[in-house]
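Enquirer: Below is the structure I would like to discuss, written out as structure tokens.
The values are calculated or read from the model by the stated rules, or taken from the named source; none is laboratory data. On a predicted model such as this, the values are computed, not experimentally measured, just so you know. Here the Cβ positions follow ideal geometry from the backbone for every residue, glycine too, while neighbour counts run over all protein chains shown. What goes into the accessible areas is simple: the full protein's heavy atoms, side chains included, and nothing from ligands, DNA or RNA. Shrake-Rupley method; radii C 1.70, N 1.55, O 1.52, S 1.80 Å.
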Amino acid sequence: MRHLFSLCLLLFISCSAMSQQSANELHFTSSQRQLITVYKGTIFVNGNKAFIFNQDIINYKSRRNRLIEDGRSVFLFLEVNGSPNKNRLYVFNIDHSLADSVVNAISSDVKDWDHDGNLEFGGSEVRVPHPSADSLYYLPSKFYEIRKGKISYDAELTETTDKKTNGVYLADPLTGDGKCCKGIPKSKKRI
């Protein structure tokens, strides 16, 4: 009886271990029955190689790795290592057995940030200190919105976020030589 219990326990443990995903593997199934696997830096759709990363920089343990469906469109969100900057979200449109890269954005939760009924994602990098105590570098953000089966730039949320973060919105935040970003005076509230 004791040996039977030991054998059952061993089988239970080995079956549990076999059912767990490895550290470099993700599996998704769309409502259209597309089987999407991400394994060692390669996206497979229905068993076909659909996209290969130059390096396997995917953060497989991220809770932001997911499928989002809007209408008949299927979007695969993968969080990748952005070191030394913030992590990024690579977004792919999954269509039949293809994975088309559509957006590369700052990693964030995908949710209705501005309460307009649509899902948004994006953000800004980490602020770099300005050499002058009364100034700071403008910190531009960039947000995207999922709407009617498409992903598009969300200008309204981007502008609102930039005004809140910087105290002002600059349509062109780059310096004259094309580098990021222009210096702006600190607002009285921030000092």
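Enquirer: Determine, at each q value in 0.12 (inverse angstroms), the log₁₀ of I(q)/I(0) that the Debye formula gives when each Cα of the chain is one equal point scatterer.
Expert: For the requested q values the scattering log ratios are -0.72.
Enquirer: Here's another thing I want to ask about it. Just for segment 52-120, what percent of DSSP beta bridges are antiparallel, to the closest 5? Numbers along the way, then the final one.
Expert: Working: 22 of 22 bridges.
The answer is about 100 percent antiparallel.
Enquirer: Between Glu156 and Arg33, how many nm apart are label points set 7 Å from Cα along the C-beta direction?
Expert: With each label placed 7 Å out from Cα toward Cβ, I get 3.9 nm.
Enquirer: Here are some pairs, Lys142/Lys163; Lys61/Lys111; Lys40/Lys150; Lys49/Lys111; Lys61/Lys86; Lys86/Lys179; which of them have Cα atoms lying more than 24 Å apart in this structure? Let's see the in-between values first.
Expert: On the way: Lys142/Lys163 13 Å; Lys61/Lys111 19 Å; Lys40/Lys150 28 Å; Lys49/Lys111 30 Å; Lys61/Lys86 16 Å; Lys86/Lys179 18 Å.
Violating the 24 Å limit, Cα to Cα: Lys40/Lys150; Lys49/Lys111.
Enquirer: Sticking with this structure for a sec: Per residue of the chain, what 222 nm ellipticity follows from adding -39500 (n - 2.57) for every DSSP H run with n ≥ 4, rounded to the nearest 500? Walk me through the intermediate numbers first.
Expert: Details: 2 runs with 30 residues, N = 191.
Value at 222 nm, helices only: -5000 deg cm²/dmol.
Enquirer: When the C-alpha atoms of segment 123-191 are aligned to their principal axes, what extent does each axis show, in angstrom, from largest down?
Expert: Principal axes ranked by extent give 46, 30, 18 Å for the Cα atoms.
Enquirer: Order the peptides 88-94, 38-44, 49-55 from the highest to the lowest mean number of other Cβ atoms within 10 Å of their residues.
Expert: Details: 88-94: 21.1, 38-44: 17.7, 49-55: 13.3.
With the highest mean Cβ count within 10 Å placed first, the list reads 88-94, 38-44, 49-55.
Enquirer: Kindly state, to the nearest 0.05, the FRET efficiency for Lys163 paired with Asp100, given R0 = 30 Å and r defined as their beta-carbon distance. Before the final figure, lay out the partial values.
Expert: Numbers: r = 33 Å, r/R0 = 1.11.
Efficiency, from the Cβ-Cβ distance: 0.35.
Enquirer: Might you tell me the accessible area per residue for the chain, computed with a 1.4 Å probe and given in Å²?
Expert: Working: 12330 Å² over 191 residues.
The answer is 65 Å² per residue.
Enquirer: Shifting gears a bit: Counting just the Cα atoms, what span does segment 91-137 cover along each of its three principal axes? Round to the nearest Å and put the largest first.
Expert: 54, 26, 11
Enquirer: Taking all protein chains in place and a 1.4 Å probe, what share, in percent, of the accessible surface of the chain do carbon and sulfur account for?
Expert: Working: 6640 of 12330 Å².
The computed percentage sits at 54.
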